[in-house]
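The values are calculated or read from the model by the stated rules, or taken from the named source; none is laboratory data. Quick caveat: nothing in here was measured; it's all calculated off a predicted structure. Neighbour counts are summed over all protein chains in view; Cβ atoms, including those assigned to glycine, are modelled from backbone coordinates with ideal geometry.
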Amino acid sequence: MSDIEVMIADNQPLTISGLRSAVADQQDIRVLAECQNSDRLMDTVRDCAPDVLLVSTDMLKEELDELERLVEETEKTRVILLTNRKDVDFLEGALRRGAKGVFQRDWPIHQIPIAIRKVTNGGVWLEQAVAERVLEEVLSKRKAPDPDEAKIASLTARERGVVELVCEGLRNKEIADRLHISGATVSHHLTSIFRKLEVEDRTSLVIYAAKRRMVIF
């Protein structure tokens, strides 16, 4: 089996030294190149084409857009992000932008070879506690429905029809004639619509419907 060729990119010489030492005695991992200049990062990765890039968020100016651009332009290289960041949104964002792993600086350095092998074999590297936090955050976002979507979904088909006609500028009698129902029934529908959408009057209803794209003007 050929060596896993790794590039290390960080603006701190001590960090590079520590990462190099972490893989020094690994027979299947070889440090191919090092980079301390963020302006040279992209060119160095292109020239070396490593299997795995260990890159700090400092080198990317803490910008996930920079990470995404790096991943897109070096698509055969698996990126492991080195960071002090612990906020879940950032970590989730890094994975969504293409990082194959996130390694926080306070983790034991001896886990670096494990992370490298895992992403090389097609996996994703996250320390377990962080992975659990990211998963919990993702699931909580999925569980929290958009309150406006829930309100709109509570409308009956007839009520949605009334909303459309109100937005066309029709008054109650005109709506009644259009739908072949009584004026009292129109008033009943409007009362129900106002309650469900939590709006106060016809004007508020029109504004609400326009903002939520319930109708096309």
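Some notes on this structure:
- Residues in the stretch 7-56 that are under 16 Å from Ile109 (Cβ atoms) and either in a helix (DSSP H, G or I) or outside the structural domain of Pro108 (by TED's automatic domain parsing) (or both): Pro13, Leu14, Thr15, Ile16, Ser17, Gly18, Leu19, Arg20, Ser21, Ala22, Val23.
Yes/no per residue for (1) surrounded by 18 or more Cβ atoms within 10 Å (Cβ to Cβ); (2) at negative phi; (3) modelled with pLDDT of 90 or more:
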{"position": "Glu75", "(1), (2), (3)": "no, yes, no"}
{"position": "Arg78", "(1), (2), (3)": "yes, yes, yes"}
{"position": "Leu81", "(1), (2), (3)": "yes, yes, yes"}
{"position": "Arg85", "(1), (2), (3)": "no, yes, no"}
{"position": "Arg105", "(1), (2), (3)": "no, yes, no"}
{"position": "Pro108", "(1), (2), (3)": "no, yes, no"}
{"position": "Gln111", "(1), (2), (3)": "no, yes, yes"}
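- Test: residue in the stretch 71-87 that is assigned to a loop (DSSP other than H, G, I, E, B), over 23 Å from Thr120 (Cβ atoms) and more than 23 Å from the chain's Cα centre (by Cα): no
- The stretch 50-67 residues that are crowded, with 19+ Cβ neighbours inside 10 Å and modelled with pLDDT of 90 or more, paired with ones that are assigned to a strand (DSSP E or B) and of a type in the set (Lys, Arg) (beta carbon under 8 Å, 6 or more apart): Asp51/Arg78; Val52/Arg78; Leu53/Arg78
Quick grid of which residues meet (1) modelled with pLDDT under 90; (2) in a helix (DSSP H, G or I); (3) exposed (fewer than 15 other Cβ atoms within 10 Å of the Cβ); (4) among the aliphatic types (A, V, I, L, M):
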{"site": "Ala131", "(1), (2), (3), (4)": "yes, yes, no, yes"}
{"site": "Lys141", "(1), (2), (3), (4)": "yes, yes, yes, no"}
{"site": "Glu149", "(1), (2), (3), (4)": "yes, yes, yes, no"}
{"site": "Ile152", "(1), (2), (3), (4)": "no, yes, no, yes"}
